[in-house]
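*Asks:* Pasting a structure here, questions to come.
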Amino acid sequence: MNTTGAIDKPADSTTPAAAGRDDGTKMFFYVSELLGRPLVGADGRRLGRLADLKVRLGELFPRIVSLHVRRGRKRIAALDWTEVASFSGKKIVLAPGAEDRFAAPEVRSDEILLKEELLDKQVVDTHGAKIERVNDVHLLVIGRDLRIVHVDIGLRGILRRIGFLRAVAWVARFFLEYEIPEVLITWKTIQPLAADVSKKDLKLNVAAGGLHDLHPSDLADILEDLDRDNQKRVFKTLDLETAADTLQEVDPKLQLSLIESASAEKASDLLEEMDPDEATDLLSELPEDKKRKLFLTMERPSREVLQELLTYDEGTAGRIMTTDYLSVREDQTVEDAVRAFKGSTHPLESVAYIYVLDAEGRLKGVITLRHLLLMDKETPVRDLMNTHLVRVWAEDDLRSVAEIFAKYKFLMVPVVDEDNILVGVITFQDIMEERCPL
């Protein structure tokens, strides 16, 4: 997490004009220090109080584009940022004639209000892959622009907003010899989870690295930390492959919530993209009517695989096996096996071994990737396959399967039916996730 030790101090005598000189002057502010400040015209007449600041997304450090001003008890008016002449003492002084240029407030789909849509909201820190709460927003004057540079997620932000920062910081320093730290996340590594006012959709900081670049396990942690509405919003923004990988990592209860919130077409696409054993576990928890709807929208090959896996009892090898494996016929060559491996899209852990079958699909032997590298490409696989196989049957209980993994230290074991037909494989990861007692 990127942090900075910026000193917390009031911004009493800063003007955009002064900051725009060529002397490199820059000054930091916090939103909490600006909200509520009176706005006065060039003639000193009071025109209202600052209610909010609006920024336009799309830049690495977005700039403030307008002010929302409370005029009277309920009336809110907008004023372009360029109408600000200076921050003087505890006032915001406007340019001459600014009082005639107030307008009705509008927020476009690429804009957010800092107080209304960011303060106290959750944000995704894509650098640290965490969910954080925004306690304050750190701003920087550069030239005539005021830009977001950090969000404050620490205790100082809370204390600053309620007006206790100076007192509490002094007590901590004087009596405890403790300095309350700044905890700031640079804006470029976050994505705010604020709802778009018009589309009610997730608003993203396009300059950030992006949720899609995170590991599915990190995305799963993020989803589990979010409230229900934001869980669904974030999940809907993910592409199909990322969403399927993430769905496999989240808590089973959240899996059900997310899959049931999706349309039948989207849900069936997700299930087809998931590992078959993971998809089977999820399907088994769904109501029968929902399950039937999903099967109706699935492609036939995927539907038949999942329906077959669902026929096995809970707690058996058949129920946790996957059909993502590589196989070749015993009359094929090393070159054929290499071609099959190169063309595979299965997870790497399920192609550690290549199984050799006869014409009827009965399991005859196994070869490893090492065989493929060392042998001539014209060599028939039957000449180099290992026929001393350890296998499990689809109806075997998981305890016996776990004992085989513990004894032989295999990465994967084949699963066969009563006729020795290869029906699937169980990986070491599969059995570890079951936490079977030995």
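The values are calculated or read from the model by the stated rules, or taken from the named source; none is laboratory data. This one's a predicted model, so the numbers in the text were calculated from it and none came from an experiment. Heads up, the Cβs are rebuilt from the backbone with ideal geometry, glycines too, and the neighbour counts pull from every protein chain shown.
*Asks:* Scan the stretch 196-204 and tell me whether some residue there is acidic (Asp, Glu), in contact with a Ser or Thr (Cβ under 8 Å, 6 or more places away or on another chain) and at pLDDT 90 or above.
*Replies:* So far as the stretch 196-204 goes, no, none of its residues is acidic (Asp, Glu), in contact with a Ser or Thr (Cβ under 8 Å, 6 or more places away or on another chain) and at pLDDT 90 or above.
*Asks:* Scan the stretch 62-114 residue by residue and report those that are of a type in the set (Lys, Arg) and without any contact (Cβ under 8 Å) to a residue 12 or more places away in the chain.
*Replies:* ARG73, LYS74, ARG75
*Asks:* Looking only at the stretch 220-243, which residues are touching a residue at least 60 places away in the same chain (Cβ under 8 Å) and part of a helix (DSSP H, G or I)?
*Replies:* Correct list: ASP221, ILE222, ASP225, ASN230, VAL234.
Residues checked against (1) assigned by TED's automatic domain parsing to the domain that holds ASN420; (2) of a type outside the set (A, V, I, L, M, F, W, C); (3) touching a Leu at 6+ places or on another chain (Cβ under 9 Å):
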residue	(1), (2), (3)
ARG292	no, yes, no
PHE295	no, no, yes
TYR325	yes, yes, yes
VAL328	yes, no, yes
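*Asks:* Moving on to the next point. Quick check: anything in the stretch 173-182 in contact (Cβ under 8 Å) with a residue 24 or more places away in the chain and surrounded by 14 or more Cβ atoms within 10 Å (Cβ to Cβ)? Let's see the steps before the verdict.
*Replies:* Taking the stretch 173-182 first, the residues in contact (Cβ under 8 Å) with a residue 24 or more places away in the chain are 180-182.
Applying the additional criterion that residues be surrounded by 14 or more Cβ atoms within 10 Å (Cβ to Cβ) yields 180, 182.
Scanning the stretch 173-182, I find at least one residue that is in contact (Cβ under 8 Å) with a residue 24 or more places away in the chain and surrounded by 14 or more Cβ atoms within 10 Å (Cβ to Cβ), so the answer is yes.
For every residue, the table says whether it meets (1) under 27 Å from the mean Cα position of the chain (by Cα); (2) at pLDDT below 90; (3) not small (Gly, Ala, Ser).
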position	(1), (2), (3)
LEU60	yes, yes, yes
GLY97	no, no, no
GLU106	no, yes, yes
ASP110	yes, yes, yes
ALA129	yes, yes, no
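*Asks:* How many of the residues making up the stretch 287-312 are part of a loop (DSSP other than H, G, I, E, B) and out of contact with any helix residue (DSSP H, G or I) (no Cβ under 7 Å at 6 or more places or on another chain)?
*Replies:* Summing the residues that are part of a loop (DSSP other than H, G, I, E, B) and out of contact with any helix residue (DSSP H, G or I) (no Cβ under 7 Å at 6 or more places or on another chain) in the stretch 287-312 gives 2.
*Asks:* What are the residues in the stretch 244-272 that are more than 20 Å from LYS290 (Cα to Cα) and assigned to a helix (DSSP H, G or I), if any?
*Replies:* Within the stretch 244-272, ASP245, THR246 meet the criteria.
*Asks:* Follow-up. Kindly indicate whether LEU422 is within 22 Å of TYR312 (Cα to Cα), buried (at least 16 other Cβ atoms within 10 Å of the Cβ) and modelled with pLDDT of 95 or more. Break it down stepwise before answering.
*Replies:* On the way: within 22 Å of TYR312 (Cα to Cα): yes; buried (at least 16 other Cβ atoms within 10 Å of the Cβ): yes; modelled with pLDDT of 95 or more: yes.
It is true that LEU422 is within 22 Å of TYR312 (Cα to Cα), buried (at least 16 other Cβ atoms within 10 Å of the Cβ) and modelled with pLDDT of 95 or more.
*Asks:* Can you pull out every residue in the stretch 373-403 that is in a helix (DSSP H, G or I) and surrounded by 19 or more Cβ atoms within 10 Å (Cβ to Cβ)? Spell out the reasoning first.
*Replies:* So the first thing to find is which residues in the stretch 373-403 are in a helix (DSSP H, G or I), and the list is 373-374, 381-383, 398-403.
If the condition is that a residue be in a helix (DSSP H, G or I) and surrounded by 19 or more Cβ atoms within 10 Å (Cβ to Cβ), then VAL381, LEU398, VAL401 are the ones that fit.
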